[in-house]
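The values are calculated or read from the model by the stated rules, or taken from the named source; none is laboratory data. Since we're looking at a predicted model, the values are computed, not measured. As a convention, Cβ positions derive from the backbone with ideal geometry for all residues, glycine included, and neighbour counts pool all protein chains shown. Protein only, heavy atoms only, side chains kept; ligands, DNA and RNA dropped before computing areas. Shrake-Rupley method; radii C 1.70, N 1.55, O 1.52, S 1.80 Å.
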Amino acid sequence: MKHLVANLFRLAALALLLILLFRTEWLSFLLTPLTSNNAPAVYTQNSLASLALGHLQLVIGSIVCSAVLAVVGGIFVTRQSGADFLPLSRAIANAGQTFPPVAVLALAVPATGFGAMPTLIALFLYGLLPIFENTVAGLKQVSPQVLDAADGMGMNGTQRLFRVELPLALPLILEGLKVATVINIGTATIGSTVAAKGLGEVIIAGLISDNTAFILQGGLIVGLMAVLIYDAMGLVEAAITRRIGLRAA
């Protein structure tokens, strides 16, 4: 019963997302009361599907870069040679999370110009902390007995890392990746303030024209994308964890 309800929720959320992206006019009877002065209820200045695709491209590009740096950094600071750099690395990752994305955009635009690049920089910095911290936590939780067993089997440091430590730390790393992805899906909406293609365009258009229908459309699409992607990544994480468990057995 629990799985049935979860699957029904997924299907309903996916159906609503597809309607919002491709057939928003079907919901015009719900959106029209949210407008005033005969303003349009459906955003038609740009394709919502195209904006969603651009939005996802920003998120994926930033998350890939964040994941590479955060995982490599997490591995480095959990080695004996890099342990002294853990406080500095943690401070840098924290700064990326606490520094306001709008401020990052303001600083990046003079150097990179308008468009996607300032947004990618802001999202890249914003995604570092969850992935880095989860990588460090995942690698540090590996039992010393397991590491000793790997050494006893004749594994060198690289073999032990890739065959033992990273597989055991993978669930936590994936959890950090999920959190960073959801954060960036929401944060990417600010990219439209510097002419990056994304769903923030719809929300900003609604704010400028005092059109709640536009704001609701953009917000719903972003929210549904975040929920569905988080859920899909959770299913992938569970499948990988089961697979690792079978191998371990």
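Take the residues of the stretch 130-160 that are farther than 21 Å from Q97 by Cα and among the aliphatic types (A, V, I, L, M): which is surrounded by the most Cβ atoms within 10 Å (Cβ to Cβ)?
Only one residue fits best here, namely L139.
Rundown of residues vs (1) surrounded by 12 or more Cβ atoms within 10 Å (Cβ to Cβ); (2) over 22 Å from the mean Cα position of the chain (by Cα), yes/no style:
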position	(1), (2)
L8	no, yes
W26	no, yes
L53	yes, no
V77	yes, yes
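How many residues are touching a residue at least 12 places away in the same chain (Cβ under 8 Å) and in a helix (DSSP H, G or I) when one looks only at the stretch 124-156?
Adding up the residues that qualify gives 20.
In the stretch 38-52, how many residues are under 11 Å from G218 (Cβ atoms) and either among the hydrophobic types (A, V, I, L, M, F, W, C) or not in a loop (DSSP other than H, G, I, E, B) (or both)?
Of the residues in the stretch 38-52, 3 are under 11 Å from G218 (Cβ atoms) and either among the hydrophobic types (A, V, I, L, M, F, W, C) or not in a loop (DSSP other than H, G, I, E, B) (or both).
Of everything in the stretch 207-244, what is more than 30 Å from L166 (Cα to Cα) and free of Cβ contacts under 8 Å to residues at least 60 places away in the same chain? Give them in sequence order.
L207, I208, I215, G219, G223
Any idea how many residues of the stretch 174-193 are among the hydrophobic types (A, V, I, L, M, F, W, C) and open to solvent by 10 Å² or more (accessible area, probe 1.4 Å)?
6
Looking at the stretch 87-129, which of its residues are open to solvent by less than 20 Å² (accessible area, probe 1.4 Å), closer than 21 Å to L172 by Cβ and modelled with pLDDT of 90 or more?
If the condition is that a residue be open to solvent by less than 20 Å² (accessible area, probe 1.4 Å), closer than 21 Å to L172 by Cβ and modelled with pLDDT of 90 or more, then A93, G127, L128 are the ones that fit.
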